[in-house]
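A.B. asks: Before we start, here is the structure in question, set down as structure tokens.
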Amino acid sequence: MRDGDEAAAGEALLAWYDSAARVLPWRVGPAEHAAGERADPYRVWMSEVMLQQTTVAAVKDHFHRFTTRWPRVEDLAAAEDGAVMAEWAGLGYYARARNLLKCARVVAQDHGGVFPATSEGLRALPGIGPYTAAAIAAIAHDEPAVVVDGNVERVVSRLWAVETPLPGAKAELTALAGRLTPAARPGDHAQAMMDLGATICTPRNPACAICPLRPFCAAAAQGIADSLPRKAPKAEKPVRQGFAFVARDGAGGVLLERRPEKGLLGGMLGFPGSDWGPAPEFTPPLAADWREAPSMVRHTFTHFHLQLRVFAAQAEGAGFTPRAEFRPASLPTVMRKVWDAAQSALSPHPE
């Protein structure tokens, strides 16, 4: 993009957004916004936390369930930790759910149930970093904050043909995004940039022919849009090993444990198991005739791959979750995989 084209590019982007904005359950559309309707900071915050490293398609159902069950921040603040963690199951990155509760309780207790109206005030809340604070402030309060997520980084890197690889280019891309951010309609602008990156300026095969910013795009002019943004090579993820134990009693109850609050899957229910590392110890939670499932569970976390050998047994003892209260769908994804793998090693459950 040439210097001085920022205002014209911004106008073209907003004109496109006015007719092509995605309809999302947490969003106030451009027509409604123009008529004076404002986005609910609670719903914007909820959606932004859920959308971190998670797709819109995966978030929609969870967002609906959360906002139906806890329609106000005060409702969420009063919720039991276990109930929130169970509803979060399937979204991954469970520290977000813990921070969601912490933030809701601070807003309810210290701010009278009202989110701060500025990005600076929002950054003081638990679990809200610079991006989320800027997004809430821009979308809910029309603060001209610079909102930069992965979609925006991609759009900006192509507009200016930035060839510095990510993550090293982040500061440069944020500065360039700031040059595009208008004083008027900054919330619509932020959402327009996100929508453009999600629907037209996509990671692969961008639809440059129909892009409203094509006249301003240096990468399109040079024919290199598909190769941007450049990314530094990623280090290969290590592989960790572990054991998981699925025990069921004669009444169909299942032995579960709640993981420590800190660490992976913190506060979530799951099956007992070993530590995850290069040489885990085989330490079943109780004495039983443990049989190994034929299939190993494989799961990938942000920083490592996990391989779990699954053992199952019929057993009796205290602490089993009754069959009527056991909901596999409320378990984290890796634990649902463990449950599925264990079925072939378990005797048929009683009817």
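A.B. asks: At 10 °C and 1.306 mPa s, what whole-number value in µm²/s does Stokes-Einstein give for the translational diffusion of the stretch 239-345, with Rh from the Kirkwood sum over Cα pairs? Mind showing how you got there, number by number?
C.D. replies: Details: Rh = 14.0 Å.
Approximately 114 µm²/s, per Stokes-Einstein.
A.B. asks: Now a separate question. Which option, [x] 21.1; [y] 22.7; [z] 24.3, is the value of Kirkwood radius over Cα pairs in Å that was calculated from these coordinates?
C.D. replies: Computed from these coordinates, Kirkwood radius over Cα pairs in Å corresponds to label [y].
A.B. asks: Still on this structure, I have one more. Do the sum for the chain: with -39,500 (n - 2.57) for every DSSP H run of n ≥ 4, divided by all residues, what is the mean residue ellipticity at 222 nm, to the nearest 500 deg cm²/dmol? It would help to have the intermediate numbers written out before the result.
C.D. replies: On the way: 14 runs with 141 residues, N = 351.
Estimated from H runs of four or more residues: -12000 deg cm²/dmol.
A.B. asks: Under 25 Å Cα to Cα from residue 237, which lysines show up? Leave out anything in the same chain fewer than 8 places away.
C.D. replies: Those lysines meeting the cut-off are 170, 262, 337.
A.B. asks: In nm, give the distance between the simple-model label positions of residue 99 and residue 314, each being 7 Å from the Cα along the Cα-to-Cβ direction.
C.D. replies: Using points 7 Å along Cα→Cβ, the separation is 4.7 nm.
A.B. asks: Something else now. Among 239, 225, 265, whose Cα lies farthest out toward the positive end of the dipole of the stretch 204-288, if unit charges sit on the beta carbon of Lys, Arg (+1) and Asp, Glu (-1)?
C.D. replies: Checked the options; the winner is 225.
A.B. asks: I've got another one for you. When you count, for each residue, the other Cβ atoms within 10 Å and take the mean per peptide, how do 248-261, 37-50 rank with the highest first?
C.D. replies: Ranking, from highest mean packing down: 37-50, 248-261.
A.B. asks: Counting other beta carbons within 10 Å of each Cβ, put 208, 217 in order, fewest first.
C.D. replies: 208, 217
A.B. asks: Just order 218-225, 316-323 by mean Cβ neighbour count inside 10 Å, highest at the front, would you? Mind dumping the intermediate values first?
C.D. replies: On the way: 218-225: 16.8, 316-323: 13.2.
By packing density, highest mean first, the sequence is 218-225, 316-323.
A.B. asks: Same structure, new question: Quick one: order 344, 330, 295 by neighbouring beta-carbon count within 10 Å, fewest to most.
C.D. replies: Details: 344 12, 330 18, 295 15.
Final ranking by Cβ density, sparse to dense: 344, 295, 330.
A.B. asks: If I fit a long axis through the Cα atoms of helix 41-51 and take the longest principal axis of the Cα atoms of the chain, what angle between them do I get, 0 to 90°, rounded to 10?
C.D. replies: Relative to the chain, helix 41-51 is tipped by roughly 70 degrees.
A.B. asks: When Lys and Arg each count +1 and Asp and Glu each count -1, what net charge do the other residues less than 15 Å away from residue 295, Cβ to Cβ, add up to? Please report the intermediate quantities before stating the final value.
C.D. replies: On the way: positive: 291, 298, 309, 336, 337; negative: 292, 340.
In short, +3.
A.B. asks: Separation between the residue 329 and residue 207 pseudo-spin-labels, each 7 Å from Cα along Cα→Cβ, expressed in nm?
C.D. replies: 3.3 nm
A.B. asks: Counting other beta carbons within 10 Å of each residue's own, what order do 200, 136, 128 fall into, fewest first?
C.D. replies: Values: 200 19, 136 31, 128 24.
Starting with the residue having the fewest Cβ neighbours, the order is 200, 128, 136.
A.B. asks: What ranking do 21-30, 137-146 get when scored by the average of other Cβ atoms within 10 Å per residue, highest first?
C.D. replies: Working: 21-30: 16.8, 137-146: 22.8.
Listed from highest to lowest mean packing, they are 137-146, 21-30.
A.B. asks: Also: Which of the lysines could be linked to residue 60 by a straight reach, that is with a Cα gap under 19 Å, when you skip same-chain ones fewer than 8 residues away?
C.D. replies: Result set, ordered by chain and number: empty.
A.B. asks: Could you give the dipole magnitude of the chain about its Cα centre, charging the beta-carbon of Lys and Arg +1 and that of Asp and Glu -1, in debye to the nearest 20?
C.D. replies: Numbers: 37 positive and 38 negative charges, 143 e Å.
Rounded to the nearest 20 debye, it is 680 debye.
A.B. asks: Roughly how tilted is helix 130-141, in degrees to the nearest 10 and between 0 and 90, from the longest Cα axis of the chain?
C.D. replies: Value to nearest ten degrees: 60.
A.B. asks: Let me ask you something else. Helix 56-69 sits at what angle to the longest principal axis of the chain, using alpha carbons and giving 0 to 90 degrees rounded to 10?
C.D. replies: That helix lies at roughly 70 degrees to the long axis.
All of the numbers you see were taken from the coordinates with simple rules; none came from a lab. What you see is a predicted model; the values in this text were computed from it and never measured. Glycine also receives a Cβ, built like all others from the backbone with ideal geometry; neighbour counts cover every protein chain displayed.
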